[in-house]
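Read through the structure below, which is laid out as structure tokens, and then see the notes.
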Amino acid sequence: MNYKTAMIEIPLMRDPTGGLMRTPEDIVRLCEDLRSFAQETFHAVLLTTKNTIQNRVMVSLGTLDACPVHPRDVFRQAIIENCAKMIIVHNHPSGDPTPSSEDVKITRRLIEGGKVLGIDVMDSIIIGRPDGENKGWLSMRESGLCCFVQ
């Protein structure tokens with residue numbers, strides 16, 4: 001028997017382009033839908049040199065408390081779309097946006113990978129849910145947890 005496979009490209013997520021991203025709050029508003037996800041999911045917001053959105057791509061869909069991420073998957077669409085910068089975003093279904101040691105480790109790895117590729121990783125944002133103790137999200141740039149491109 002001869003089986004043939006048709007390859008088609010279906011983007012996992014596409015958002016309207018053109019919005020200007022100036023602050024972490026802008027990204028949080030763009031990714032507000034992640035608050036209600038029951039599974040961890042990892043996204044890349046692709047930006048132009050002027051910080052306008054080119055695309056938002058779901059890179060990985062994980063489990064309740066983990067989401068496997070590899071740099072080649074994170075940068076694949078960024079290279080295809082020739083983006084200049086990106087902001088990485090993932091959610092914590094528990095609602096607590098406190099980064100794990102693995103969150104910090106993969107963010108540092110992606111920053112280094114971006115330097116090699118010429119794609120600046122500008123921030124890593126974790127989306128949770130607001131409560132009395134936190135605003136419901138965390139910017140690793142603002143928290144000083146990683147050394148991002150200036």
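For the chain, the longest principal axis of the C-alpha atoms and the axis of helix 101-117 are separated by about 50°. Between the exposed loop cleavage positions of the chain, defined as GluC sites (Glu not before Pro) in a non-H, G, I, E, B DSSP state with at most 16 neighbouring beta-carbon atoms within 10 angstrom, the longest gap is 10-80.
Measure nothing but the geometry: give the 0 to 90° angle between the long axis through the Cα atoms of 71-80 and the longest principal axis through the Cα atoms of the chain, rounded to 10°. Value to nearest ten degrees: 70.
With 0.36 nm allotted per residue and the present C-alpha distance subtracted, the S94-V116 stretch has 4.5 nm of extension available.
Roughly how many Å is it from the Cα centre of segment 29-79 to that of segment 118-150, as a whole number? First find each Cα centre; the distance between them is then 14 Å. Distance between the 7 Å Cα→Cβ label points at M58 and T23: 2.9 nm. Remark: spin-label model distance D33-I80 equals 1.8 nm, labels positioned 7 Å along the Cα→Cβ axis. Net charge of the neighbourhood of P97, taken over other residues with C-beta under 11 Å away and scored Lys/Arg +1, Asp/Glu -1, is -1.
This ranking places C147, C31 by how few other beta-carbon atoms lie within 10 Å of each, fewest first, which gives C147, C31. Among residues other than Q39 with Cβ under 14 Å from its Cβ, the summed charge is -2 (Lys and Arg +1, Asp and Glu -1). Shape summary: segment 24-143 maps onto an equivalent ellipsoid whose semi-axes, from the alpha-carbon gyration tensor, are 22, 15, 13 Å in decreasing order. Between L145 and D73, the contour length at 0.36 nm per residue exceeds the alpha carbon distance by 23.6 nm. Site pair A66 and K135 shows an inter-label distance of 3.1 nm when each label is modelled 7 Å from Cα along Cα→Cβ.
DSSP beta bridges in the chain, what fraction antiparallel, as a percent rounded to 5? Of the beta bridges lying entirely in the chain, close to 70 percent run antiparallel.
Every number here is computed from the coordinates shown, using simple stated rules; none is lab data. What you see is a predicted model, and the numbers here were worked out from it, not measured in a lab. All Cβ positions, even for glycine, are placed from backbone atoms using ideal geometry, and neighbour counts span all protein chains on display.
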